[in-house]
Amino acid sequence: MITGIGASPGIAIGKAFVLPNWEWEVPEQRIDVADFAREFERVYEGIRTSKHEIQQIRDELCEVVGREESHIFDAHIAILDDPVFMNEIQGIIQRQYKAAEVAVKEAIDHFVTMFDLLDDDYMKERALDIKDVGNRLLKHLLGVPEIKLPSDTQPFILIAKELSPSQLVNTNSDHVLGIVTLAGSTTSHTSIMARALGIPLVVGVEAALKEPITTGQSLIINGTDGAVYIEPDQDTISFYRQLQQRQSDDKRRLQHLVNTPSITPDGKALRLDANISSLKELDIALAGGAAGVGLFRTEFLYMDRNRFPKEEEQLAVYRSVAEKLGGENLVIRTLDIGGDKHLDYFQHPEEDNPFMGYRAIRISLDRKDLFKTQLRAILRASAYGNIKLMYPLITSVDEVRAANEVLAEAKSELDAEGLDYDRDVEVGIMIEVPAAVMIADLLACEVDFFSIGTNDLVQFTLAVDRMNEEISHLYEPFHPALLRMLKLTVDAAKAQGIRVGVCGELAGDMRALPLWLSLDVDGLSMSAHSILPMKERVLLTERKACSGIGEKLQRCRTSRELIAELQIFMDKLDEKTANG
């Protein structure tokens, strides 16, 4: 067994099909000055054809995975429209007297190499976009057929060095059981699309591979934990087939809970909302039993395009989500870029530690023009549903007040223009850094609700970069220090009489439910696939029974002790449930 990075959940069992590298052989060709116009026209025609193909792919994909995910291909069109890319190609033709296809290949190699040398995972992923677009253009210049996946064979697990969005969109989900890539990350376009398409994906296995995987080998992949079994024995196959069947059975069994309120046997209502980034994810979340949306990640409206979205564009999306929710909660987080989330068209500074740098609310307060545009769109959308807005990465009262000043300006403008909005729209903040926890009592006086972002809170509390493989084992969400941070935050919210919820990965971790009930949080927001299993557990767990475990957890000295106490509690609950 080898371990990569789980990038799209699910289990796949089948034979491997190794995709050849999508690289075209381009023989060296020299031209004369008299040929320049002809070669330029060949490039223009190749670009026109490539853009037409990409637009068709985008429009077809929109019906499958939703508008936001299909915008990945707008970024590809933007590359073809980029004058820098075109100038590089023309310069090679004119300066070096090379044919169009040779110039395009050299331009691709130049930009890919430049991006690969940057110490930035996001920019490395954009190098794959350039290669994808460039190879599509080369295909037309060379007149060669595109590499296609087998369509008349038994379903297979696709293996590739790296997989471009264009290649993935051409896959038939009936034939592709799962995907393994040697390179890649969970933030790549391919990973985003695989999750939207429901295809299990494991990335980044190259370092763990001693020998290459070959076509025809038997494989098992687990897109949740990143495990890959090559030529597994029969016992392993049987185990994973049973696990796969259990997952399928559980999913069907839990469907009857979709419309059941999430209330403990002793009457504690615990809202179970969804984290989403698109309308498509909202459909999945509602089908999966979500009460509403506890976190709408608006940064995905800004990504994979060549400019900032205008107010009307944002309004259309926010309004659609609000109307589809029919009055249920919609918590919209304002723009949270920086760290590992960059925009191709926005100049981010070079930073040694981007997670602690120019990001989130800091960018919004620095670029108040962009911030106000988003706030106006959110406010206008609030006329169509139960919208609440939330500021990310807050560290001080001053930041909250500065953000609220921009919000007040936006309200005044809308009033002057006679545009409708909810004048009582609630404002909350993310609690995701230790500074916010330590002044939670002060912050609670400034806002209507807290949402605890456990991913960053764990990272900053423990000084552990969760993207760093060398120290990822130190990322412990059940660390006693985090437990104390959580209690301080919840106590401060309760003392001020404001709501407090959780929206990080820990919100969907079944082991943490007794902790949330003992702390008396008001709601949890999680990925759609976690909602029904969590709801089933809530319906079986009495809140009063969790008060004792809460006191025990506060006395634990290590993560191991804490997890053990939670497991003992859950085992007793399961035993009690089994005995009626």
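Below, the figures for the structure above:
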{"item": "Contact order normalised by residue count of the chain, Cα under 8 Å, 6+ apart, percent", "result": "14 percent"}
{"item": "Space enclosed by the convex hull of the alpha-carbon atoms of the chain, per residue, Å³", "result": "167 Å³"}
{"item": "Degrees between helix 72-81 axis and first principal axis of the chain (Cα, 0 to 90, nearest 10)", "result": "40 degrees"}
{"item": "Of K552/K572; K280/K310; K368/K494, pairs whose Cα-Cα distance is over 24 Å", "result": "K368/K494"}
{"item": "Beta bridge orientation in the chain: antiparallel %, DSSP, nearest 5", "result": "30 percent"}
{"item": "For the stretch 258-578, alpha-carbon Rg relative to the globular expectation (2.2 N^0.38 Å, N residues)", "result": "0.99"}
{"item": "Longest DSSP-loop-exposure-free segment, GluC sites (Glu not before Pro), the chain, at most 11 other Cβ within 10 Å", "result": "29-349"}
{"item": "Loop-exposed trypsin sites (Lys or Arg not before Pro) per DSSP, neighbour cap 14 Cβ within 10 angstrom, longest uninterrupted part of the chain", "result": "1-147"}
{"item": "Computed P(r) (all Cα pairs; the stretch 465-580; 5 Å bins; percent)", "result": "2, 11, 19, 23, 22, 14, 7, 2, 0, 0"}
{"item": "Angle between the chain longest axis and helix 121-142 axis [Cα atoms, degrees, rounded to 10]", "result": "30 degrees"}
{"item": "Extension gain from D35 to D571, taking 0.36 nm per residue of separation minus the Cα-Cα distance", "result": "185.2 nm"}
{"item": "Cα-projected label distance for K494 with K324, points at 7 Å along beta-carbon direction, nm", "result": "3.6 nm"}
{"item": "Counted charge near C556, where neighbours are those whose Cβ lies closer than 15 Å (Asp, Glu -1; Lys, Arg +1)", "result": "+3"}
{"item": "Approximate spin-label separation M356-V258, in nm, with each point projected 7 Å along Cα-to-Cβ", "result": "4.7 nm"}
{"item": "Amide N of the stretch 82-99 lying under 19 Å from the label point, which is placed 7 angstrom from the Cα of V144 along Cα→Cβ", "result": "99"}
{"item": "All Cα pairs of the stretch 317-427, percent lying beyond 21 Å", "result": "40 percent"}
{"item": "P(r), alpha carbons of the stretch 436-489 - 10 Å bins starting at zero, rounded %", "result": "24, 47, 23, 6, 0"}
{"item": "Gain upon complete extension [L419, Y44; 0.36 nm per residue less C-alpha separation]", "result": "130.5 nm"}
{"item": "On Cα atoms only, tilt of 528-540 relative to the major axis of the chain in degrees", "result": "20 degrees"}
{"item": "Extension gain from Q244 to K411, taking 0.36 nm per residue of separation minus the Cα-Cα distance", "result": "55.0 nm"}
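Read-outs throughout are calculated quantities, based only on the coordinates presented, and are distinct from any laboratory measurement. From a predicted model like this one, the values you see are computed outputs, not experimental measurements. Heads up, the Cβs are rebuilt from the backbone with ideal geometry, glycines too, and the neighbour counts pull from every protein chain shown.
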